[in-house]
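Encoded as structure tokens, the structure appears first; notes follow it.
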Amino acid sequence: MTDTTRAHPWMANSAPGAIKAMLDEIGAKSVADVFEQIPQDHFRTTPLDLPPTLSSEIELKRYLVSKLKKNGDCEANLSFLGAGVWQHHVPAIVDEIVGRTEFATNVWGSYQSDHGRNQAWFEFSSQLGALLNLDVVQLPVYSWGCAIGHAVRMAQRITGRSKVIVSQLSDPERLSVLRTYCQPSAMESHIEVVLVAVDPTTGRIDLNDLHSKLGDDVAAVYFENPAYLGTIEAEAAEIARLTRAAGAETIVGVDPVSLGIMTGPGDYGADIVTGPVQPLGVHMQCGGGVGGFIASRDEEKYVLEYNGFLVSIVETLEPGQVGFGLACPHQNSYGSREDGKDWTGNSTYLWAIAGAVYMSLLGPEGFRELGTLIVSRARYAAKLLGDVPGVKVVWPDTTFKEFVVNFDDTGKTVAEINDLLRARNIFGGKDVSGEDNALGQSALYCVTEVHTAADIRALADTLKEVLS
């Protein structure tokens, strides 16, 4: 039983009398009164199965370490998982910088005074803007999906329209987040999500179907390049042209590490660009470490619709010196609360520091070398896997670092194959067989710069073994 005569060692507000003091302060008779607006059927009816209170730090550490040892990570195992969180090399200096006490916290000093932090943030925005060939980059929001949601709501406010067109083969998780941002149909600000067909022979958007669905009620077209299943939209400029002709905004999702070898979205007509920051020097961290950026051209109609922090640079009264601060801070939820353009979060700004360090280390030539290396290794992997009996790569030679592998002719499901690989210390590709994609028993495999030729051969040889 819990001892109510003393405080829980890790919960300060559990001290005897603390709850009563708080209730007295707000004039409530009980904790139940505080939550009376929550329907009774929303409450748990059974207690949580929690371990007994651990009274010392030694016991707590031993308990947690024993739990963590049950995990299998991507360092001790060979991993070919991606689909939103990817295994990239993180230079040691990135960890050194983001671990400094000046940066390693969620909330820092005020934006008026913390010039060092603002300068680091500005470096992130300016370097990423150079990659995208766009001038305005907002500090990261919680995830790529959140960035897409914010961008679509920006397009709604700009155009006054209420539909967004997205690919039929969108990532289900990001699509779910987008639909949440688009709000229920009963709400006044609801945005209808319309799916556009994909050419099954290429995995790319069907331009005829896109053209038929564009109209004066469409606020934006959103597509990813590279796309969720790895394919590259060869007609990206034409998609942007069709969208622009319909008076809608072109929103592009992009993997920033692809931009060393792929055309920047600002060069083929993107109005607003989103993407993940995790590939830019952020570890996978148990599936976390995510964040999403939003960028656009430096035009008033876009700048005035951002929901978060825009860091800018300006000359000062002292010749040769510059200052760094936030532009248009009044329009976010910090400045305007519920009247802000959209809700603003603050938990991923540390990854802006990681991204600034990572991008400065690589530079233009480094990004070019990285992209070339990833493509060559991914194509090598696709070739070897395609040679395994019963295995077929769905869209060969049209992808960046991820590609779809079909196992229909093996007589085994993806789940069965992944279990067999896992028993041999390999994480297979993400099982996409349960998604609405007409791809059968298929998995999405990811190959990056961390995978050597020997790693790829080991995967192919192990697949032959488990499928024989």
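Do we have any residue at all in the stretch 111-130 that's modelled with pLDDT of 80 or more, assigned to a loop (DSSP other than H, G, I, E, B) and in contact with a helix residue (DSSP H, G or I) (Cβ under 9 Å, 6 or more places away or on another chain)?
So far as the stretch 111-130 goes, no, none of its residues is modelled with pLDDT of 80 or more, assigned to a loop (DSSP other than H, G, I, E, B) and in contact with a helix residue (DSSP H, G or I) (Cβ under 9 Å, 6 or more places away or on another chain).
Among the residues of the stretch 49-63, is there at least one that is among the small types (Gly, Ala, Ser), at pLDDT below 90, over 26 Å from the mean Cα position of the chain (by Cα) and not assigned by TED's automatic domain parsing to the domain that holds GLN285?
Yes, the stretch 49-63 contains a residue that is among the small types (Gly, Ala, Ser), at pLDDT below 90, over 26 Å from the mean Cα position of the chain (by Cα) and not assigned by TED's automatic domain parsing to the domain that holds GLN285.
What is the number of the single condition among (1) touching a residue at least 40 places away in the same chain (Cβ under 8 Å); (2) in contact with a helix residue (DSSP H, G or I) (Cβ under 8 Å, 6 or more places away or on another chain); (3) more than 30 Å from LEU459 (Cβ to Cβ); (4) loosely packed, with under 15 Cβ neighbours inside 10 Å that LYS341 does not meet?
With (1) touching a residue at least 40 places away in the same chain (Cβ under 8 Å); (2) in contact with a helix residue (DSSP H, G or I) (Cβ under 8 Å, 6 or more places away or on another chain); (3) more than 30 Å from LEU459 (Cβ to Cβ); (4) loosely packed, with under 15 Cβ neighbours inside 10 Å applied to LYS341, the lone miss is (4).
Give the stretch 124-169 a look and list any residue that's within 16 Å of THR250 (Cβ to Cβ) and among the polar types (S, T, N, Q), or say none.
Within the stretch 124-169, ASN133, GLN156, THR159, SER167 meet the criteria.
Checking GLY363 against (1) assigned to a helix (DSSP H, G or I); (2) at negative phi, which single condition isn't satisfied?
Exception for GLY363: condition (2).
Can you tell which of GLY335, GLY320 is of a type outside the set (Asp, Glu), within 19 Å of ASN118 (Cβ to Cβ), assigned by TED's automatic domain parsing to the domain that holds THR180 and not in a loop (DSSP other than H, G, I, E, B)?
None of the others qualify; the one that does is GLY335.
Of all residues in the stretch 270-317, how many are in a helix (DSSP H, G or I) and among the charged types (D, E, K, R)?
Counting residues in the stretch 270-317 that are in a helix (DSSP H, G or I) and among the charged types (D, E, K, R) gives 2.
State yes or no: is GLY355 in contact (Cβ under 8 Å) with a residue 24 or more places away in the chain and either surrounded by fewer than 21 Cβ atoms within 10 Å (Cβ to Cβ) or farther than 27 Å from HIS89 by Cβ (or both)?
Answer is no for this residue.
Could you go through the stretch 196-204 and let me know if any residue there is assigned to a strand (DSSP E or B) and either among the hydrophobic types (A, V, I, L, M, F, W, C) or free of Cβ contacts under 8 Å to residues at least 12 places away in the same chain (or both).
Yes, there is a match, as at least one residue in the stretch 196-204 is assigned to a strand (DSSP E or B) and either among the hydrophobic types (A, V, I, L, M, F, W, C) or free of Cβ contacts under 8 Å to residues at least 12 places away in the same chain (or both).
For residues that are of a type in the set (Phe, Trp, Tyr) and at pLDDT 95 or above, scanning just the stretch 344-389, find the one that is nearest to LEU459 (Cα to Cα).
Top of the filtered list is TYR380.
Return the total of residues in the stretch 385-418 being surrounded by fewer than 18 Cβ atoms within 10 Å (Cβ to Cβ), among the aliphatic types (A, V, I, L, M) and either touching a residue at least 40 places away in the same chain (Cβ under 8 Å) or closer than 18 Å to ILE232 by Cβ (or both).
Result for the stretch 385-418: 0.
Please state which one of ALA147, ALA155, ALA92 is touching a strand residue (DSSP E or B) at 6+ places or on another chain (Cβ under 6 Å), at pLDDT 95 or above and more than 30 Å from ASP431 (Cα to Cα).
ALA155
The values are calculated or read from the model by the stated rules, or taken from the named source; none is laboratory data. None of the values given here were measured: they were computed from a predicted structure. Backbone-built Cβ (ideal geometry, glycine too); neighbour counts: all protein chains shown.
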